[in-house]
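> Okay, handing you the structure first.
The values are calculated or read from the model by the stated rules, or taken from the named source; none is laboratory data. Keep in mind the model is a prediction, meaning the values are calculated, not measured. Glycine gets a Cβ as well: all are built from the backbone with ideal geometry, and neighbour counts include every protein chain shown.
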Amino acid sequence: MTTPRFRLGILGSGKGSNFVAIADAIDAGTIPAEVALVLSDVEDSGILALARARGLRAEFIPPGKFRTRLEPGAEALMAARLREAGVDLVVLAGYMRMVKPPLLDAFPGRIINIHPSLLPAFPGLAAWEQALAARVPETGCTVHYVDAGMDTGPVIAQSAVPILPGDTPQSVHARIQEAEHRLYPEVVARLAATLPRLA
């Protein structure tokens with residue numbers, strides 16, 4: 001009898017480039033897991049279109065009236081969908097809302113995010129612009145566990161990216177994304193290989 005595969009639930013709001021990096025690594029056999037469900041708070045998001053093109057279950061969750069977080073009912077629905085799908089790890093991939101209970105309570109220590117800076121430096125939006133404005137010599141990306149704060153959860157792994165003379169926000173962001181697409185699949189692979197399944 002084959003052992004059921006570790007199951008990922010991926011949440012995203014945008015184009016889905018980190019989702020693609022993870023899905024490609026699964027297809028290549030470097031992540032011992034499968035994507036059970038992709039959820040988005042944006043109905044026409046790229047991540048939903050990309051997931052559906054791969055034949056994956058993908059669903060829009062109407063976010064409600066708040067700009068930075070889901071309404072409690074929407075968050076409860078999201079948690080329920082993830083539990084129904086047998087998800088073992090929730091992976092935020094360009095998900096632009098704060099995660100609150102009941103999602104945090106449903107998956108304690110099982111929600112991760114990637115942020116485009118070397119946390120704790122430059123939390124929040126447009127971190128690459130913050131780094132450029134601060135004139136630091138390097139920035140990067142951080143994979144961290146998600147808690148109720150903004151980019152405040154425990155750090156799992158980081159990858160540094162130099163800031164070069166003549167850099168623009170766009171060039172720094174592109175270099176960070178290249179690092180993200182390497183680091184995030186590595187971390188997901190490690191967690192999928194070491195965490196016990198929830199179901």
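> Exactly one of these conditions fails for ALA121: (1) out of contact with any Phe, Trp or Tyr (no Cβ under 7 Å at 6 or more places or on another chain); (2) over 17 Å from ASN18 (Cα atoms); (3) in contact (Cβ under 8 Å) with a residue 40 or more places away in the chain. Give me its number.
The one condition ALA121 does not meet is (3).
> Separate question: Does the range 77-86 contain any residue that is at negative phi, modelled with pLDDT of 95 or more, buried (at least 17 other Cβ atoms within 10 Å of the Cβ) and touching a His at 6+ places or on another chain (Cβ under 9 Å)?
no
> Please go through the range 83-107 and pick out each residue that is of a type outside the set (Gly, Ala, Ser), closer than 22 Å to LYS65 by Cα and touching a residue at least 60 places away in the same chain (Cβ under 8 Å).
Correct list: LEU92, TYR95, MET96, ARG97.
> Go through THR168, THR142, THR194, THR152 for me and flag whichever is among the hydroxyl-bearing types (Ser, Thr, Tyr) and within 21 Å of PRO32 (Cβ to Cβ).
Going through THR168, THR142, THR194, THR152 in turn, just one is among the hydroxyl-bearing types (Ser, Thr, Tyr) and within 21 Å of PRO32 (Cβ to Cβ): THR194.
> Then there's this: Checking the conditions here, which among LEU118, LEU39, LEU48 is part of a loop (DSSP other than H, G, I, E, B) and among the hydrophobic types (A, V, I, L, M, F, W, C)?
Result: LEU118 is the single residue among LEU118, LEU39, LEU48 that is part of a loop (DSSP other than H, G, I, E, B) and among the hydrophobic types (A, V, I, L, M, F, W, C).
> Go through the range 130-168 and give me each residue that's outside any strand (DSSP E or B) and within 20 Å of the chain's Cα centre (by Cα).
VAL146, ASP147, ALA148, GLY149, MET150, ASP151, THR152, GLY153, PRO154
> Counting just the residues of the range 7-36 that are without any contact (Cβ under 8 Å) to a residue 60 or more places away in the chain and either part of a strand (DSSP E or B) or hydroxyl-bearing (Ser, Thr, Tyr) (or both), which one comes out farthest from MET96 (Cα to Cα)?
GLU34
> Could I ask something else about it? Going residue by residue through the range 65-79, is there one that turns out to be in contact with a Leu (Cβ under 7 Å, 6 or more places away or on another chain) and under 16 Å from ILE112 (Cα atoms)?
There is at least one residue in the range 65-79 that is in contact with a Leu (Cβ under 7 Å, 6 or more places away or on another chain) and under 16 Å from ILE112 (Cα atoms).
> Identify the residue in the range 6-40 that is of a type in the set (D, E, K, R) and under 15 Å from LEU56 (Cα atoms) and, among all such residues, is surrounded by the most Cβ atoms within 10 Å (Cβ to Cβ).
ARG7
> Taking the range 178-188, which residues are surrounded by fewer than 18 Cβ atoms within 10 Å (Cβ to Cβ) and within 14 Å of the chain's Cα centre (by Cα)?
Answer for the range 178-188, where residues must be surrounded by fewer than 18 Cβ atoms within 10 Å (Cβ to Cβ) and within 14 Å of the chain's Cα centre (by Cα): ARG182, GLU186.
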